[in-house]
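Values in this text are rule-based calculations from the coordinates and carry no lab data. What you are looking at is a predicted structure, and each value in this text was computed from that prediction instead of being measured.
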Amino acid sequence: MKLSHQQIDGYGRDGFLVVEDFAAARDCDALMARAGELVDAFDPSQVSIFSTTDQEHLTDQYFLDSGDKIRFFFEENAFDGDGDGELRQDKALSINKIGHAMHDLDPVFEKFSRAPDLADVVDQLGISDPRALQSMYIFKQPHIGGEVVYHQDSTFLYTEPMSVMGLWFALEDATQDNGCLWVLPGGHMDGIKSRFVRTGGGGVETIVHDASGWPGDGFVPVEVPKGTLVVLHGSLPHGSKPNRSALSRHAYTLHVIDGACDYPADNWLQRGADMPARGLR
């Protein structure tokens with residue numbers, strides 16, 4: 001796949017790039033079907049809830065050990081009570097996301113993640129030695145799909161120098177009604193506000209570099225049809241609003257880093273020595 005000069009320049013200026021019709025509908029459907037199979041086979045005896053609004057408090061060992069595994073995380077509002085009650089609806093409609101190594105451990109996701117066109121896009125946008133570090137399947141469930149607060153991917157997957165790139169694939173149409181992405185064009189120019197790191201005691205903490213908060217305006221919605229690829233600079237502020245509609249908004253994300261950069265040992269996501277981050281080709 002050959003990007004135009006306008007696309008490459010626009011990514012540098014805005015911090016994101018929208019490529020419609022990147023993935024064929026049948027490939028999107030294959031990922032959705034495979035995600036459904038994985039959820040069906042999942043035994044929910046281990047309950048881990050994912051939240052971007054209370055991440056330090058809800059992060060548990062199941063989550064911290066997921067960097068080289070396939071694990072399942074529930075929506076905050078999936079259970080009765082304070083998260084220790086019964087599921088309010090079917091398991092398949094209660095999962096927030098699957099993470100974080102489907103691209104290495106599942107053949108369907110690996111084939112999609114290492115498609116030649118995708119490697120071509122990453123190459124053209126300036127990553128010299130792209131390594132696939134993290135993958136997530138995000139369900140954005142009808143009615144209970146949680147908010148993803150504005151954040152920067154480099155907060156969580158920091159490299160020196162910074163090199164993280166997010167590859168976000170719309171597996172269904174993404175609209176404002178069902179919780180599409182919102183981005184701050186040009187916001188990647190201002191550096192990152194914080195880092196989410198492991199502590200010496202086995203927990204996590206957020207180290208704040210800039211406590212000024214996000215601007216009250218300037219964020220714009222990225223409404224895209226099924227099959228679209230949205231490329232996100234690691235320092236670009238972005239997020240999504242809750243999904244209270246009757247329609248899901250399934251998406252798959254892959255985060256790559258440059259293998260020429262240093263990946264600090266205090267990043268929350270770590271992989272075992274027997275499963276280092278592999279290239280896209």
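Values for this structure:
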quantity	calculated
Alpha-carbon spread of the chain, three principal axes, descending order, Å	53, 45, 44
Mean projection area, nm², convex hull over Cα of segment 201-266	8.0
Links that overshoot a 27 Å alpha carbon limit, given the list 2/69; 69/140; 2/97; 69/111; 111/241; 111/193	2/69; 2/97; 111/241; 111/193
Normalised contact order of the chain, rounded percent, pairs of Cα under 8 Å and 6 or more residues apart	29
Estimated Rh, segment 237-281: Kirkwood, alpha-carbon pairs, angstrom	14.5
Computed helical MRE - 222 nm, the chain, DSSP H runs ≥ 4 contributing -39500 (n - 2.57), nearest 500	-5500 deg cm²/dmol
Against the rule of thumb 2.2 N^0.38 Å, how large the Cα Rg of segment 133-203 comes out	1.32
Top of 261, 180, 28 by mean-square fluctuation, Gaussian network on the chain, Cα under 10 Å	261
